[in-house]
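Peer 1: Here's a structure for you.
The values are calculated or read from the model by the stated rules, or taken from the named source; none is laboratory data. All values reported here derive from a predicted model rather than from experimental measurement. With ideal geometry, Cβ positions are generated from the backbone for all residues, glycine too; neighbour counts draw on all protein chains shown. Heads up: the accessible areas ignore ligands, DNA and RNA and are worked out on the full protein's heavy atoms, side chains in. Shrake-Rupley method; radii C 1.70, N 1.55, O 1.52, S 1.80 Å.
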Amino acid sequence: MTNAVNENEKLVYEVKGLNLWYGNDQALKDVHLDIKKNEVTAIIGPSGCGKSTFIKTLNRMIENIPVVRTSGEILYHGENIFDKSIRVEELRTRVGMVFQKPNPFPKSIFENVVYGPKIHGIRDKKLLMEIAETSLRSAALWDEVKDRLNDNAYGLSGGQQQRLCIARCLAVQPDVILMDEPTSALDPIATYKIEELVDQLKAEYTISIVTHSMQQAARISDRTAFFLMGELIEFDTTETIFSNPRDQRTEDYITGRFG
Amino acid sequence: MEKDIRVRQIIQKNISEKSRFADRIMPVFFFLMASVSVLTTFGIVATLTTDAVKFFQAVPLREVFSTRLSPLSATPSFGILPLINGTIFTSLIAMVVAVPMGLAAAIYLSQFATEKMRKVLKPVMEVLAGIPTIVYGFFAYSFVTPLLMRLLPGLGAKNVISPGIVMGIMIIPLVASLSEDAMNAVPNIMREGALGLGSTKLEVALKVVIPAAISGIMSSIVLAISRAIGETMIVTIASGSSKNFSFDITQSMQTMTGYIVEFTSGDAASGTTGYYSLYAVGLLLFAFTLLMNQMAHHISRKYREEY
Ligand SMILES: Nc1ncnc2c1ncn2[C@@H]1O[C@H](COP(=O)(O)OP(=O)(O)OP(=O)(O)O)[C@@H](O)[C@H]1O
Ligand SMILES: [Mg+2]
C-alpha cells in the first residue's frame with residue numbers, strides 16, 4: 001500500500017482516455033499515458049500523428065485553437081488540468097514549453113530571461129539578475145552571453161537562441177518542461193549541447209520531448225511513446241521500445257521501414 | 001545547478017494572489033472604446049437620414065435622378081447626377097495617377113530600395129502626405145492648370161483634369177505606404193522560396209510578393225478611392241462649381257463635396273429644400289464610402305492568399 005502511494009507521488013502526469021478533435025477531425029484517440037518525475041519522456045511518430053497536439057494539450061496551449069475540443073482527463077499531480085478551478089496561467093508557469101523554432105522576444109537577452117519572473121511580480125533588481133544568471137547557467141549559455149546581456153536576442157545564433165528560450169522557460173522555475181522538436185532547426189553541435197542540457201536538467205525537472213530523431217530519443221529519453229494517427233501505439237522504457245518493441249508498427253517505424 | 005525554490009515560491013504566491021479583475025474588466029473597456037466609433041457612425045447616419053428624408057419628401061425621385069441641378073433658380077431643380085459625375089471624374093483621374101505611381105513606389109521601396117534610399121524617400125513621401133489640402137488646391141489652380149493650358153488650349157480655368165491629377169499626387173503616399181506595409185508583411189521565407197527556385201528579384205516581387213500582399217494592396221486602393229471621393233478643398237478651388245451635366249473633363253464640374261461647401265458657405269436658409277439637399281448629398285457621400293468598404297472586403301476575401 002505505502003508502495004503504491006510512493007509510486008503515485010512519482011507520477012507528474014496521468015493522462016486518462018484523452019480524445020481531441022480539430023472540428024470534426026479526431027487528432028488524439030483514447031490516449032493513456034503516465035509521465036514520471038525526473039524522467040525524460042520522448043514522443044515519436046510520423047508527421048501528423050498528433051505529437052505536437054499531445055504535448056500542447058499538457059499545458060493547455062492547444063486551447064488557443066478555437067475549433068479544438070477535448071474529452072478525458074489529464075491529471076497533473078493528481079489534479080485534472082481541465083477542472084474549472086485550475087488557473088491556466090499558473091499551470092503554464094509550472095509546465096514550461098520550448099518550441100520548434102526559437103522564439104525569443106525582440107528584446108535584450110537579459111529582458112528575455114527575466115520576462116516571466118517580471119510579469120509574475122518579481123521587481124527586485126538583484127534577484128532578477130540572480131535569476132538571469134542561474135537560468136542562463138542552467139541552459140549552458142551563460143559563458144557565451146555574460147558580456148552581452150543587454151544585446152538584442154536576435155543577434156544570437158539559432159542554437160543560442162534556443163538555449164535562451166530554455167533559460168527563459170527555466171526562469172520561472174517550472175516543474176515540467178515540454179519541448180516540441182527543440183533541435184530540428186539546429187546543427188549537430190547545438191543539438192548535442194541541448195541534448196546534454198536535457199540530460200542535466202532531468203535531475204531537477206520532468207521533461208517531455210517530441211523528436212523526429214530516433215537516435216535522439218534513444219540517447220536522451222527514459223521512456224518513449226510511439227504515436228500513429230492519433231493513437232498511442234506503444235509506451236515503454238526507451239530500451240524496450242528500441243530493442244524489443246511489442247508492436248510490429250513500432251518496430252517498422254524505428255527501423256525506418258515505415259510507409 | 002541547484003534549483004532555487006525561493007523564486008518559485010514568490011511566483012506561486014504572486015500568481016495566486018494576482019487579481020483577475022483587470023483580465024475581466026479590460027476586455028469590457030476595450031469593447032466600450034470600440035463601440036464609441038460604431039455609435040458615432042450610427043449617430044451620423046441618423047442625423048443625415050432624418051434631414052435627408054425631408055429632402056426626399058419635398059423632391060420627387062424622378063427629379064433627384066435627373067441631370068438638371070439649379071437649386072437657386074426661380075424654378076429650382078435638384079438633379080444629383082451632375083455632382084455624381086463630377087465626383088466620379090475627379091476621383092477616376094486621381095486613381096489613374098495615384099494607383100500606378102503609388103504601387104510602383106511601394107514595390108521599389110519594399111523590394112529594391114537600399115536601406116539608405118528608403119531612409120531618404122520615406123520621410124519625403126510622408127511630407128507629401130502632410131501638406132494641407134488647401135495648398136494642393138492652390139497648386140492645382142495656379143500652377144498645374146496654367147501648365148496644362150499650354151498643352152490643351154481649350155482647357156478651362158476651372159476644369160476636372162488638373163484637380164484630378166493633383167489629388168492623385170496627394171494620394172500617392174497613402175497607396176505607397178499602405179501597400180508597402182502589406183508587402184513587407186510577407187514573410188521572408190516566401191521570398192527565399194522563390195529566389196531559391198531561380199526567380200529574379202522582379203519575378204519575386206510580381207509573382208510572389210504582390211499576390212501574397214494583394215488584400216492589403218486592395219484595401220489601400222479602396223481607401224485611396226474613399227479619400228478621393230471625400231476630398232473637398234482641391235476640387236472646390238480648382239474644378240469650380242459648374243452644375244452642367246457633361247463629360248467634358250477640360251471644363252468645370254462640381255463634386256458632391258464641392259456642392260456642400262458652396263451651400264454651407266453661402267446662405268442656405270435652414271428649412272429650405274436647398275438646405276435639406278445638403279443632407280441628402282452628405283448621405284449619398286456616406287453611402288459611396290460604405291459601398292467602397294464593402295467592395296474592399298469582398299475583393300480582399302476573394303483574392304486572399306493565406307499565409
Ligand atoms: N490547427 C489545426 N487545425 C486543424 N487540424 C490540425 C491543426 N493542427 C494540427 N492539425 C491536424 O492534427 C493532426 C496532428 O497534427 P500535429 O501537429 O499534432 O502532428 P505532429 O505529430 O506534431 O506532426 P509533425 O511531426 O509534422 O510536427 C494532423 O492531422 C493535423 O493535420
Ligand atoms: Mg509537430
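Peer 1: How many residues does region A:87-107 contain that are among the hydrophobic types (A, V, I, L, M, F, W, C) and within 12 Å of chain B (Cβ to nearest Cβ)?
Peer 2: Of the residues in region A:87-107, the ones among the hydrophobic types (A, V, I, L, M, F, W, C) are A:88, A:91, A:95, A:97-99, A:105.
Then drop every residue that is not within 12 Å of chain B (Cβ to nearest Cβ), which leaves A:88, A:91.
The total comes to 2.
Peer 1: Within 14 Å of ligand 2 (Cβ to nearest atom) and hydrophobic (A, V, I, L, M, F, W, C): does that describe A:Leu18? Spell out the reasoning first.
Peer 2: Details: within 14 Å of ligand 2 (Cβ to nearest atom): no; hydrophobic (A, V, I, L, M, F, W, C): yes.
Taking the combined requirement at face value, the residue does not satisfy it.
Peer 1: Taking B:Val64 as the residue in question, decide whether it is more than 16 Å from B:Thr255 (Cβ to Cβ) and outside the structural domain of B:Arg227 (by TED's automatic domain parsing).
Peer 2: yes
Peer 1: Starting from residues that are under 13 Å from A:Ala139 (Cβ atoms) and in a helix (DSSP H, G or I), keep the ones in region A:200-216 and report whichever is nearest to ligand 1 (Cβ to nearest atom).
Peer 2: Only one residue fits best here, namely A:Leu201.
Peer 1: A further question follows. Which of the helices (runs of 4 or more DSSP H) contained wholly in region B:1-75 include at least 2 residues that are of a type in the set (Phe, Trp, Tyr) and loosely packed, with under 15 Cβ neighbours inside 10 Å?
Peer 2: Because the criterion is at least 2 residues that are of a type in the set (Phe, Trp, Tyr) and loosely packed, with under 15 Cβ neighbours inside 10 Å, the helices (runs of 4 or more DSSP H) in region B:1-75 that meet it are B:21-58.
Peer 1: Can you list the helices (runs of 4 or more DSSP H) lying wholly within region B:170-273 that have 3 or more residues being touching a residue at least 40 places away in the same chain (Cβ under 8 Å) and assigned by TED's automatic domain parsing to the domain that holds B:Met295?
Peer 2: Result: B:210-230, B:233-238, B:256-265.
Peer 1: Looking at region A:10-51 only, could you name the residues that are charged (D, E, K, R), closer than 21 Å to A:Ile207 by Cα and in contact (Cβ under 8 Å) with a residue 24 or more places away in the chain?
Peer 2: Passing the criteria: A:Lys10, A:Glu14, A:Lys16, A:Lys36, A:Lys37, A:Glu39, A:Lys51.
Peer 1: Would you please name the residue that is surrounded by the fewest Cβ atoms within 10 Å (Cβ to Cβ), looking only at residues in region B:142-169 that are small (Gly, Ala, Ser) and under 25 Å from B:Ala105 (Cβ atoms)?
Peer 2: Among residues in region B:142-169 that are small (Gly, Ala, Ser) and under 25 Å from B:Ala105 (Cβ atoms), the one surrounded by the fewest Cβ atoms within 10 Å (Cβ to Cβ) is B:Gly168.
Peer 1: With respect to A:Glu63, is the statement that it is out of contact with any helix residue (DSSP H, G or I) (no Cβ under 6 Å at 6 or more places or on another chain) and either within 15 Å of ligand 2 (Cβ to nearest atom) or of a type in the set (D, E, K, R) (or both) true? Steps first, please.
Peer 2: Working: out of contact with any helix residue (DSSP H, G or I) (no Cβ under 6 Å at 6 or more places or on another chain): yes; either within 15 Å of ligand 2 (Cβ to nearest atom) or of a type in the set (D, E, K, R) (or both): yes.
Here the answer is yes, as A:Glu63 does meet what is asked.
Peer 1: Something else: Go through region A:114-162 residue by residue and tally those that are within 22 Å of the chain's Cα centre (by Cα) and of a type in the set (Val, Ile, Thr).
Peer 2: Total meeting the criteria: 4.
Peer 1: For the condition crowded, with 17+ Cβ neighbours inside 10 Å, assigned to a loop (DSSP other than H, G, I, E, B) and within 13 Å of another protein chain (Cβ to nearest Cβ), what is the one hit in A:Ala132, A:Ala140?
Peer 2: Values: A:Ala132 fails: assigned to a loop (DSSP other than H, G, I, E, B).
None of the others qualify; the one that does is A:Ala140.
Peer 1: Can you go through A:Ile81, A:Ile122 and tell me which one is more than 16 Å from ligand 2 (Cβ to nearest atom), away from every other protein chain (no Cβ under 14 Å) and either without any contact (Cβ under 8 Å) to a residue 12 or more places away in the chain or β-branched (Val, Ile, Thr) (or both)?
Peer 2: The unique qualifying residue is A:Ile81.
Peer 1: Next question. For the subset of region A:57-67 comprising residues that are surrounded by 15 or more Cβ atoms within 10 Å (Cβ to Cβ) and modelled with pLDDT under 95, which member is nearest to ligand 1 (Cβ to nearest atom)?
Peer 2: The first filter runs over region A:57-67 and keeps only residues surrounded by 15 or more Cβ atoms within 10 Å (Cβ to Cβ), leaving A:57-62.
Restricting the remaining residues to those that are modelled with pLDDT under 95 gives A:59-62.
Details: A:Asn59: 14, A:Arg60: 15, A:Met61: 12, A:Ile62: 9 Å.
Only one residue tops the list, namely A:Ile62.
Peer 1: Based on this model, can you work out whether B:Met125 counts as open to solvent by less than 50 Å² (accessible area, probe 1.4 Å) and under 29 Å from B:Asn188 (Cα atoms)? Let's see the steps before the verdict.
Peer 2: Working: open to solvent by less than 50 Å² (accessible area, probe 1.4 Å): yes; under 29 Å from B:Asn188 (Cα atoms): yes.
Yes, satisfied.
Peer 1: Which members of region A:150-185 meet the condition of being more than 14 Å from chain B (Cβ to nearest Cβ), among the hydrophobic types (A, V, I, L, M, F, W, C) and either within 16 Å of ligand 1 (Cβ to nearest atom) or in contact with an Asp or Glu (Cβ under 9 Å, 6 or more places away or on another chain) (or both)?
Peer 2: The answer is A:Ala153, A:Leu156, A:Leu178, A:Met179.
Peer 1: Can you name the residue in region A:94-114 that is open to solvent by 10 Å² or more (accessible area, probe 1.4 Å) and closer than 20 Å to A:Tyr205 by Cα and is also nearest to ligand 2 (Cβ to nearest atom) among such residues?
Peer 2: A:Gln100
To keep it simple, each residue is scored yes or no on (1) touching a helix residue (DSSP H, G or I) at 6+ places or on another chain (Cβ under 6 Å); (2) within 14 Å of chain B (Cβ to nearest Cβ); (3) open to solvent by 30 Å² or more (accessible area, probe 1.4 Å).
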| site | (1), (2), (3) |
| --- | --- |
| A:Gln200 | no, yes, yes |
| A:His212 | no, no, yes |
| A:Gln215 | no, no, yes |
| A:Ala225 | no, no, no |
| A:Glu231 | no, no, yes |
| A:Asp236 | no, no, yes |
| A:Arg249 | no, no, yes |
| A:Thr255 | no, no, yes |
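Peer 1: Moving on. Tally the residues that are touching a residue at least 24 places away in the same chain (Cβ under 8 Å) and not in a strand (DSSP E or B), restricting the search to region A:217-240.
Peer 2: Total meeting the criteria: 9.
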